[in-house]
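For reference, the structure discussed in these notes is given below.
The values are calculated or read from the model by the stated rules, or taken from the named source; none is laboratory data. Note that the structure is predicted; figures quoted are calculated from it, not measured. As a convention, Cβ positions derive from the backbone with ideal geometry for all residues, glycine included, and neighbour counts pool all protein chains shown.
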Amino acid sequence: MDSRTNTGELSEAEIAARVEAILSKLSLAEKVGQLTQIGGLAFLPGPKPEEIIRQGGAGSVLWVNDTKTFNALQKIAVEESPSRIPLLFGLDVIHGYRTIFPVPLAMAASWDPSVVERAQAVAAKEARAAGIHWTFGPMVDIARDARWGRIVEGAGEDPYLGAAIAAAQVRGFQGPYIGAPDHVVACAKHFAGYGAADGGRDYDPVYLPETLLRNVYLPPFKAAVDAGVGTFMSAYMDLNDVPASGNRFLLRQVLREEWGFKGFVVSDAFAVGSLVTQGFARDGRDAAFRALSAGVNMDMASNTYLQHLAGLVEDGTLTVEDIDEAVRPILAIKVRMGLFEHPYTDESKLEQVVALPEHRAEARRAAQRSMVLLRNEGGLLPLSKSLKHVAVIGPLADSQEATEGSWMVFGHTPNAVTVLEGIRAKLPEARVDYAPGPEIRRDIPSWFEANMDPTAKKAPQSPEAAEAAFQTAVATARDAEVVVMVLGETADMAGEAASRASLDLPGRQEELLQAVVALGKPVVLVLLNGRPLSINWAAENVPAILEAWEPGSEGGHAVADVLFGDVNPGGKLPVTFPRKGSHEPLYYARNLTHSPEGHPMYNPRYWDGLPTPLYPFGFGLSYTTFAITNLQVSAPQVKIGDAVTVTADVTNTGAVEGDEVVQLYIHQKAGSDSRPMRELKGFERVTLKPGETRTVTFTLGPAELGHWSTNAGKWVQDAATFDIWVGADSRATLHAELTVVC
Ligand code: GLC
């Protein structure tokens, strides 16, 4: 780890010495307190945080988001608790604190790690100014099934793109070193395999063979470690029958022994106590023993460590050294963060920081670069700014919540510019009518809504009111020159506890879309959503479709920037869009099998409809066109362990400046194991003026050409022949070959 800290240069030895000095003065109870993170939610049972802190029973607090409260709790810890050790305040700052950025899945669609790094740096600056030291992000779970609600929080289906985004998030949150001013400690979560639950059913058990773990689900976590992430969060679910929060293979063998991780692991919320619920631990005592033994340093909110660890030491089941080993990295993070010297937060700082104009400018730019143009028949887009009468229709068109999206910071008040507001600002002289149409809502409210969101208790719209709203929306569209439909999902339809079986547009949105299209005027569909949607009808019948995701505080302006041509969209899909939810999991990096597409024995896999993607991984259009040519490989043959350079030329063959994301895919044609027909192993987003050509360069070496082998039970690089493709999405056709020899 870097020797720089919040209070200046400290060598590893000096940090270790400081930690030992602190540790040597702690009682067993005080050490257990450092391993305990308590929840600040009012409805949680048991003693209040103030009491637990005063008695030295907590080293960290979460689910508090108020600077005055942070300082009040810190004062108790620093001035009244037996150890006087300051608290570490953690919170989910996933895509912005007060300035909200596009959801992580959207920012992954930019295929621009610098966008992600800059966004998380702004989020960190605002969060740190509020008094937050530690964010529970980045979420780096690979998701190949869009029915899983938490797909919104990650970077999609691909480990190579996911690893690049994970590293960028860690850099953004933490800055150049842990303790850097205006930055926070990051937390790679949820370790590991959480996104692979059957059917996308959140929290359900996961079964992953080691080859999938090693080649697909672990690389983004490894990238986070390599980027210097300070903490990890162990996941809830059973992984191959062993809960991730009691899983020695993950937490000790992989994370510490193989990867050399020196930070600390916090469990997911209540996950230590849940080891009993999952049928893994006999009781709380057993849960505490097995979680700590497996490598969970800090118990988030279940208070299981607080209740049982001291007893486990006193009866000899655990040793004091077991406890000390868990406490050390937590104290080291507090030393690096300078909490002993600066435990309190200036209560005037937050409002100064969140008012910085560059924050909203960064949010607008991130949203612009995240958008993906899915269709533009007849060049309907960009729209003319001389339009006199536009209708904006749909339940999300003026929704701040839907524009900011899933995983808002606890206690946040939405502040987004909506799509309607963005269009009205872009066309100040035009008539811009609006009608929401029928409301959309989840069939089953989530636990969070029922317990934490008063608006969820609002009575559903009656069928009569919905029908009236439907007719009003169609009537509003009837006389407009152009109709912009803003459809998709509400913020609570994706995220935690937000899985769904279908990927269709919820409610009567598709019906409304069809009724508006039937009016025979130009229609643009803008999607606000946190996951792929099976918009099959729209894909055939709506001339222009813009995937805007959940674009954040400046989302409305960014959508208008793209719709009216001030910005040429250049995003690409980080995840496959299937034609049906029941086709999931559907991902591009599949093995060939004995019956691949194009083979005489090809079997269409379902007789009730081909599961071909609606939109493939890496896909996205532009207002201009590009040509990718002249694929060159520096050598047709290379020895195992050596690298080759791959180059290709990309030309803007259209009339306006635009971005292209040049992608490189490989396929190992034979070897220790069958390998996916395509795997992303390089990408670069370039901006080109009309007629301009750029040569992009990639490197293929052991890291890209090797894989974890089921057959060999370890990482291997085979002597083998590889297909290489370079193009604008996962269907790239520009091809070359490379032979790797012993
Ligand atoms: C939640 C989530 C996790 C989050 C934690 C604290 O249940 O699974 O992502 O960081 O609890 O809010």
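Filtering the range 429-457 to residues that are at pLDDT 80 or above and exposed (fewer than 15 other Cβ atoms within 10 Å of the Cβ) leaves 429, 431, 443, 444, 447, 448. Of the residues making up the range 347-360, just one is in contact (Cβ under 8 Å) with a residue 24 or more places away in the chain and more than 29 Å from the chain's Cα centre (by Cα), namely 347. Entry remark, the range 196-206: residues being surrounded by fewer than 24 Cβ atoms within 10 Å (Cβ to Cβ), within 16 Å of the ligand (Cβ to nearest atom) and small (Gly, Ala, Ser) number 1 in total.
Among all residue pairs at least 6 apart or on different chains, which show Cβ distances below 7 Å where the first residue, located in the range 481-502, is closer than 12 Å to residue 405 by Cα and the second is part of a strand (DSSP E or B) and away from the ligand (no atom under 16 Å from the Cβ)? Correct list of pairs: 488/527; 488/528.
All conditions in (1) outside any helix (DSSP H, G or I); (2) more than 16 Å from the ligand (Cβ to nearest atom); (3) buried (at least 24 other Cβ atoms within 10 Å of the Cβ) hold for residue 288, with the sole exception of (1). Restricting the first member to the range 401-423 and to residues that are within 9 Å of residue 491 (Cβ to Cβ) and more than 13 Å from the ligand (Cβ to nearest atom), and the second to residues that are of a type in the set (Ser, Thr, Tyr) and outside any loop (DSSP other than H, G, I, E, B), the beta-carbon pairs closer than 8 Å and six or more apart or on different chains are 414/403. Whenever a residue of the range 425-445 is assigned to a helix (DSSP H, G or I), its partners that are crowded, with 20+ Cβ neighbours inside 10 Å and small (Gly, Ala, Ser), lying with C-beta atoms within less than 9 angstrom and at least six residues away or across chains, give the pairs 425/556; 425/560; 426/560. Taken over the range 207-230, the criterion of being within 16 Å of the ligand (Cβ to nearest atom) and not in a helix (DSSP H, G or I) is satisfied by 229, 230. In the set (1) part of a loop (DSSP other than H, G, I, E, B); (2) away from the ligand (no atom under 16 Å from the Cβ); (3) in contact with a helix residue (DSSP H, G or I) (Cβ under 8 Å, 6 or more places away or on another chain), residue 279 fails one condition alone, (3). Name every residue in the range 167-219 that is closer than 17 Å to residue 586 by Cα and among the acidic types (Asp, Glu), in order of residue number. Scanning the range 167-219 gives a single hit, 198.
Results for (1) within 16 Å of the ligand (Cβ to nearest atom); (2) hydroxyl-bearing (Ser, Thr, Tyr); (3) closer than 23 Å to residue 338 by Cα, shown as yes or no for each residue.
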{"site": "60", "(1), (2), (3)": "yes, yes, yes"}
{"site": "83", "(1), (2), (3)": "no, yes, yes"}
{"site": "95", "(1), (2), (3)": "yes, no, no"}
{"site": "109", "(1), (2), (3)": "no, no, no"}
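Taking (1) within 16 Å of the ligand (Cβ to nearest atom); (2) in contact with a Lys or Arg (Cβ under 6 Å, 6 or more places away or on another chain) in turn, residue 193 satisfies each apart from (2). Answer yes if at least one residue in the range 463-478 is surrounded by fewer than 24 Cβ atoms within 10 Å (Cβ to Cβ) and either within 16 Å of the ligand (Cβ to nearest atom) or part of a loop (DSSP other than H, G, I, E, B) (or both), and no otherwise. No, there is no match, as no residue in the range 463-478 is surrounded by fewer than 24 Cβ atoms within 10 Å (Cβ to Cβ) and either within 16 Å of the ligand (Cβ to nearest atom) or part of a loop (DSSP other than H, G, I, E, B) (or both).
If the condition is being surrounded by fewer than 24 Cβ atoms within 10 Å (Cβ to Cβ), under 14 Å from residue 621 (Cα atoms) and among the hydrophobic types (A, V, I, L, M, F, W, C), then the range 563-577 contributes only 567.
If the condition is being buried (at least 21 other Cβ atoms within 10 Å of the Cβ) and within 21 Å of residue 263 (Cβ to Cβ), then the range 305-327 contributes 305, 309, 323, 326, 327. Cβ-Cβ distances below 8 Å connect the following pairs, each with a first residue in the range 173-190 that is touching a residue at least 12 places away in the same chain (Cβ under 8 Å) and within 21 Å of residue 11 (Cβ to Cβ), a second residue that is within 16 Å of the ligand (Cβ to nearest atom) and not hydrophobic (A, V, I, L, M, F, W, C), and a separation of six or more residues or different chains: 174/230; 178/230; 185/133; 185/135; 185/230; 185/231. Each residue in the range 231-254 was checked for being away from the ligand (no atom under 14 Å from the Cβ) and under 18 Å from the mean Cα position of the chain (by Cα), and 0 pass.
The set of residues in the range 158-184 being away from the ligand (no atom under 14 Å from the Cβ) and not in a helix (DSSP H, G or I) consists of 158, 175, 176, 177, 178, 179, 180, 181, 182, 183.
Just one of the listed residues (128, 150) is among the charged types (D, E, K, R), within 16 Å of the ligand (Cβ to nearest atom) and more than 18 Å from residue 168 (Cα to Cα), and it is 150.
Screening residue 187 on (1) within 26 Å of residue 703 (Cα to Cα); (2) within 15 Å of the ligand (Cβ to nearest atom); (3) in contact with a helix residue (DSSP H, G or I) (Cβ under 8 Å, 6 or more places away or on another chain) shows it passes everything except condition (3). Residues that are part of a loop (DSSP other than H, G, I, E, B) and of a type in the set (A, V, I, L, M, F, W, C) within the range 344-372 comprise 355, 356, 371, listed in sequence order.
From the list 614, 533, pick out the single residue that is touching a Lys or Arg at 6+ places or on another chain (Cβ under 7 Å) and on the phi < 0 side of the Ramachandran plot. Step through it out loud before you land on a result.
Numbers: 533 fails: touching a Lys or Arg at 6+ places or on another chain (Cβ under 7 Å).
Going through 614, 533 in turn, just one is touching a Lys or Arg at 6+ places or on another chain (Cβ under 7 Å) and on the phi < 0 side of the Ramachandran plot: 614.
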